[in-house]
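Working notes for the structure below.
The values are calculated or read from the model by the stated rules, or taken from the named source; none is laboratory data. Keep in mind that this is a model prediction, so the values were computed, not measured. Positions of Cβ are backbone-derived with ideal geometry, glycine not excepted, and every protein chain shown enters the neighbour counts.
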Amino acid sequence: MSYTSHADLGGTSVPGAIVPEAESERFHAAWEPRALALTLAMGGTGSWNIDASRSARETLPDYAQLSYYQIWLAAMEKLMAERGQVLPDEIEAGRMLHAPVAVKRVLRAADVPQTLAKGSPTERTATEPARFAVGQQVRTRAAQVDHHTRLPGYARGKVGRIERVNGMHVFADTNAQLLGEAPQWLYTVCFDGQALWGQDADPGLTVSVDAWESYLEAVPQ
Amino acid sequence: MKSEDSPMESSICDRAASMCHMAHEHHDHDGHDHEHGDEHSDIGPMDLRVRALETVLTQKGYIDPVALDVLIDTYQTRIGPRNGARVVARAWVDADFADWLARDATAAIASLGFTGRQGEHMAAVFNDADQHHMVVCTLCSCYPWPVLGLPPTWYKSAPYRSRAVRDPRGVLAEFGVQLPASTAIRVWDSTAELRYLVIPRRPEGTEDWSEEALAELVTRDSMIGTGLARQPGAAR
């Protein structure tokens, strides 16, 4: 395996308290809102998609040491450097040193409200019938894959049941690798706590993930 | 690290995000780049790096610097958990709306004007005496922005993401919430582009309350499932 995600945290042992926060507390440093806005504005150039962006973030070697907006910035710098858009020496110098690379579009101030209100829907017109139906038992893929994926480690190789059928959606795995949207049916798959965590699971606990069809195989009932 | 980085300034910014907002608008005022305690050492370098990025991206014509201000203003003043509170309050007073929310949350929420980025495909899940819902994104920080705004730091943190799926009752305890053992917990891990909004239980004794007053009882955490709606008369 050459692909390593540092973001697959569900069920792992991570020390530290969960610290509640007031609703009014939106940012924790003056640079954070700028980092957010820069990330959204560069996302608006259409130079990469959200799955490629998540992939760039989760593979940062120092992911666990960075704050969330630091992760966003580091991933954006990586994506831009890969495309020759901004090189590290320019960030160090604080000014442009190399000619710009053409981008598809620029997010203009006047277009921000409309762009945010529209978003980027991932549902696509269904081109084939769904393989699974609500209530059906399925087993998730057990194998690890060598690329970005959205099946969490704790839910690999587990039996659950289809709870919702959510239409065909852009497939994160291919989209992240810039191999195309390759839409697949997306299901909400619900697991009993004991199926995930064994006998010491909280009684009555159920946990669901949203899983694309190729993550799943039928279980004979 | 800087003389202006006094404890007093820190405490002001700790309390009011608006002060941080003001700080970024004074780019030349280096002294205000303070941080919370343990991230103290990040102050200078992060501020310089972000400023360098903004300069280079602007010089290269990739971004419109005015768009940055609009983006920040949007998530600081327009899009936040009060949007979600309106959805919840409407669901509490209007059974038809609640039913619509259950069937097609995206459309029902859009009817109140909340749409778009990170809420393109919505699902609403309803708490009752038998089941309590909690939302997490174990793989990153997926969160329903149009109704809740930007996620709080804890939601993006490794402790929450690791524990929510395994020990949600323990997580609730960290928020000071204890549910009866008879209430089963259901955790939704947001692993694709569906975004979940928890509809907390309506507090008792609010039967004759207006929708606006009810919305005041709806906390952000109650819509993530790490909290409950405020009780009437409870301190804010």
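Tabulated data
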{"quantity": "Any hit, the stretch A:28-42, residues being of a type in the set (Gly, Ala, Ser) and over 22 Å from the mean Cα position of the chain (by Cα)", "calculated": "yes"}
{"quantity": "Test: residue in the stretch A:196-203 that is in contact with a Phe, Trp or Tyr (Cβ under 7 Å, 6 or more places away or on another chain), within 12 Å of chain B (Cβ to nearest Cβ) and part of a strand (DSSP E or B)", "calculated": "no"}
{"quantity": "Pairs, first more than 9 Å from every other protein chain (Cβ to nearest Cβ) in the stretch B:70-99, second among the acidic types (Asp, Glu), C-beta under 6 Å, six or more apart", "calculated": "B:89/B:211; B:93/B:211"}
{"quantity": "Selection within the stretch A:138-167 - more than 23 Å from residue A:12 (Cα to Cα) and either under 17 Å from the mean Cα position of the chain (by Cα) or not in a strand (DSSP E or B) (or both)", "calculated": "none"}
{"quantity": "Residues of the stretch B:52-61 satisfying the condition of being facing chain A (nearest Cβ under 7 Å) and either in contact with a helix residue (DSSP H, G or I) (Cβ under 8 Å, 6 or more places away or on another chain) or at pLDDT below 95 (or both)", "calculated": "B:52, B:53, B:54, B:56, B:57"}
{"quantity": "Test for residue A:139: is it more than 14 Å from every other protein chain (Cβ to nearest Cβ) and either over 27 Å from residue A:58 (Cβ atoms) or in contact (Cβ under 8 Å) with a residue 60 or more places away in the chain (or both)", "calculated": "yes"}
{"quantity": "Residue in the stretch A:76-103 that is surrounded by the fewest Cβ atoms within 10 Å (Cβ to Cβ), counting only those that are within 19 Å of the chain's Cα centre (by Cα) and away from chain B (no Cβ under 11 Å)", "calculated": "A:78"}
{"quantity": "Any hit, the stretch A:26-41, residues being over 21 Å from residue A:106 (Cα atoms), facing another protein chain (nearest Cβ under 10 Å) and in contact with a Lys or Arg (Cβ under 7 Å, 6 or more places away or on another chain)", "calculated": "no"}
{"quantity": "Candidate set from the stretch B:150-167 (those that are surrounded by fewer than 23 Cβ atoms within 10 Å (Cβ to Cβ) and in a loop (DSSP other than H, G, I, E, B)); member that is farthest from the other protein chains (Cβ to nearest Cβ)", "calculated": "B:151"}
{"quantity": "Residue A:106 vs. criteria surrounded by fewer than 19 Cβ atoms within 10 Å (Cβ to Cβ) and within 7 Å of another protein chain (Cβ to nearest Cβ)", "calculated": "yes"}
{"quantity": "Conditions (1) touching a residue at least 24 places away in the same chain (Cβ under 8 Å); (2) outside any loop (DSSP other than H, G, I, E, B); (3) within 12 Å of chain A (Cβ to nearest Cβ); (4) surrounded by fewer than 24 Cβ atoms within 10 Å (Cβ to Cβ); number of the one not met by residue B:170", "calculated": "(1)"}
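Listed here are the residues, each with its yes/no results for (1) in a helix (DSSP H, G or I); (2) out of contact with any strand residue (DSSP E or B) (no Cβ under 9 Å at 6 or more places or on another chain).
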{"residue": "B:53", "(1), (2)": "yes, yes"}
{"residue": "B:68", "(1), (2)": "yes, yes"}
{"residue": "B:116", "(1), (2)": "no, yes"}
{"residue": "B:133", "(1), (2)": "no, no"}
{"residue": "B:138", "(1), (2)": "no, no"}
